[in-house]
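The values are calculated or read from the model by the stated rules, or taken from the named source; none is laboratory data. Quantities reported herein were computed from a predicted structural model and do not represent experimental measurements. Don't worry about glycine lacking a Cβ; one is built from the backbone with ideal geometry, like all the others, and counts go over all protein chains shown. Accessible surface areas use protein heavy atoms only, side chains included; no ligands, DNA or RNA. Shrake-Rupley method; radii C 1.70, N 1.55, O 1.52, S 1.80 Å.
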Amino acid sequence: MAGGRWAAGQRRLQLTAKTLRIVALLLMPINLWAIDALEVGRSPVGFLVSLVAVAVLSGATLWRYPHLPQTATAIESVGRQRRLISLVGFLGLAYLQLGWNALGLPLAAIYGGTLLTATAFLWLYSRGSQRLDSDRADSSLASAASLLVIYGLGTLLLRGAATPELDIPQIGLAVGTVGALLVWLVVGTTGVTALGGLWLWSGRGLLWLGWLLTVFTVPLQAGLVSALGLGLRGVQLIKTWRRSHLLAALALGLQIIWLIWRSLPESGTKAVIAIATAWTGTEANPSVLLGIAHLPYGILMVGLSDWLYRRCQPRLGQLTEKLAIALALFSLAVGSLDLTVLALCLIVITLTLLVVTLRRSPSPSILINATHALGLLAIAVAIADRWPDLPAGYWLLISLGFTWLEWGLSLGDRYQPWRRSAWYFGCVLAGLSYFNLLAALDRDLLSASWSVAGLASRSDLPSLPSVRPSVATAMSLACWPLALRCP
C-alpha cells in the first residue's frame, strides 16, 4: 500500500500506482484466509496480532476502495450508496474467512457469502432509474467495485473447494451464483465494456460448471442454477429479442421441470404416479403419463407466444407457437397409447387452442377449424374410452346428432367464421353418418333398408323390412335440407 502511495506521486508511474492499489485490495481476503488457516489467534499474543492485522487491512481497504465520481447531486447520492454497499459486501466476504476452522461452518460461510453478494447486487442494480449511466468512467468504476465483491465470493469458493470436509457438489449452487453475477454485470448494466465478452463467457462457464457439479447428485441445486440461467436469458431476450435467447429460455424451462421432479423424494414420486395411474387406469404402462406431464408447460408456451405478439414480436411469437405445437404433437403421440390419456390431452389442447383463437382479432380460419376438429375428436375419443364396446348403430346416432347440432349452429348472421366452420364440419359428419349407416345395415343393427335420404338402396338385404325407416334415417331426412344452404 505504501508502494502504491509513493508511485501515485510520480507522474510516470500512475499505471503502476493503480496496479499496486488493485493488488493490495485483492490480497485483503487472501491475508485473512492465511490468518485463519495458520491459526494465528490461538494464543493471546497471536490473537492481539490478528486483531491489529485485521484492523490495518480493513483501514487500507477503506482508504483505497474505488471511489465513484460525484458529478451531480442525484448521482452523488447514488454513488455514495453504491460504494458503501459494495464496500460492506467486500469486507463482509473477507471477514467470513475468519473463524472458518474455529467455528467449523465452512458451508454456512460459503452460502452466507453467496446470499450477501446476491442481496448487494439486487439492491445495487434493481433501481434502474438511478443507475450511473451518464458517464463511462462512472460505469466502469461501479463495475470495478462489483467485480471486487465477486472476487471476494470467489475466494470463499476457492477455499471451500480446497477443504477436504466439503463435497464439491455441495457448493455447485454457489459456483453457479458467481457465474450468474458475472453475466448480470454485463447484460443487466451498462458497465464492463472493455472486458464484457470475457466476463460474459466466464460467467456462463461458471453457470455450466455449477450445473454439472450438481445435476447428478443434488438436482434441486441444479434446478436453481438453471433458474438463474433462465432469468438471465429472459433479461437478454427483452433487450435484444433474439431467437437464440428464446430457444435457450424454453430449453431451460423444460430442464427445470425435469430437475424439480428428480429432486422430489422417491416416496413422493411413487405416490404421485400411483394416484395418476389409478385415476387413468394406466397401471400397466405408467410411462404414457408423460403425455399429460408436458401439457402444463405447453400452456405456458402458448401464453408466452401471446405475450410476444402483444410485444410486437410476431417472428418470435410464431416460433413459440410452432414449438408449442410440436410439444402438443409429442403429447398426443405418447397419449395415443391409452384412450383415457389421449382424451385428457385432447381436451386440454382444445381448451387452450380455443382461448388462443378467441384472443386473436380477427380469429384466423386455420385456428377456428383446428379448434373445431380437435373438439370433435376429443368428444369421440372420450366416448370411445367410456364405452369401448359401443355398437355401430349408436355411433350412427351420435354422428347424426352432431351433424344436426353443427348445421343448427351454422344458422345466423353473427360469428360468421365459426358458423362457416360449423357448416363444413356438419357436412363431414353427414358423410361419416352415411358410412356408419352402411356399417350398421351390414350388421343388421337397424330396421331400414336404405341409408341417408334413400340414397343407397338396400333391397338386396331380404332379412330387413323394406319400408320401415329407423330413427336414424328420420334424423338424416330432417338434417338434409340444412345442408342445401350455402355457408
Residue satisfying all of: in region 35-73; closer than 20 Å to Ser146 by Cβ and open to solvent by 50 Å² or more (accessible area, probe 1.4 Å); modelled with the highest pLDDT among these: Leu62
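Residue by residue, here is whether (1) farther than 30 Å from Arg311 by Cβ; (2) open to solvent by less than 30 Å² (accessible area, probe 1.4 Å); (3) in a helix (DSSP H, G or I) holds:
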residue: Trp208; (1), (2), (3): no, no, yes
residue: Gln221; (1), (2), (3): yes, no, yes
residue: Val225; (1), (2), (3): no, yes, yes
residue: Leu230; (1), (2), (3): no, no, yes
residue: Ala249; (1), (2), (3): no, yes, yes
Matching residues, region 355-378, being in a helix (DSSP H, G or I) and open to solvent by 60 Å² or more (accessible area, probe 1.4 Å): Val355, Leu358, Arg359, Ser365, Ile366, Asn369, Leu377
Only one of Leu247, Leu237, Leu259, Leu228 that is at pLDDT 90 or above and in contact with a Pro (Cβ under 7 Å, 6 or more places away or on another chain): Leu259
Boolean, Leu93 is at pLDDT 80 or above, open to solvent by 60 Å² or more (accessible area, probe 1.4 Å) and of a type in the set (A, V, I, L, M): no
Set Val186, Val175: member being at pLDDT 85 or above and out of contact with any Pro (no Cβ under 7 Å at 6 or more places or on another chain): Val175
Residue that is within 27 Å of Thr163 (Cβ to Cβ) and at pLDDT 80 or above, where the choices are Leu115, Leu103: Leu115
The listed residue being surrounded by fewer than 19 Cβ atoms within 10 Å (Cβ to Cβ), touching a residue at least 24 places away in the same chain (Cβ under 8 Å) and among the hydrophobic types (A, V, I, L, M, F, W, C), out of Ile292, Ile347: Ile347
Within region 156-171, tally of residues that are β-branched (Val, Ile, Thr) and either open to solvent by less than 60 Å² (accessible area, probe 1.4 Å) or in a loop (DSSP other than H, G, I, E, B) (or both): 2
So Val186, is it among the β-branched types (Val, Ile, Thr), more than 22 Å from Tyr297 (Cβ to Cβ), open to solvent by less than 50 Å² (accessible area, probe 1.4 Å) and not in a loop (DSSP other than H, G, I, E, B): yes
Options Leu400, Leu437, Leu405, Leu432: the member that is at pLDDT 85 or above and either over 25 Å from Ser361 (Cα atoms) or among the aromatic types (Phe, Trp, Tyr) (or both): Leu405
Counted residues, region 258-289 - those being open to solvent by 80 Å² or more (accessible area, probe 1.4 Å) and in a helix (DSSP H, G or I): 9
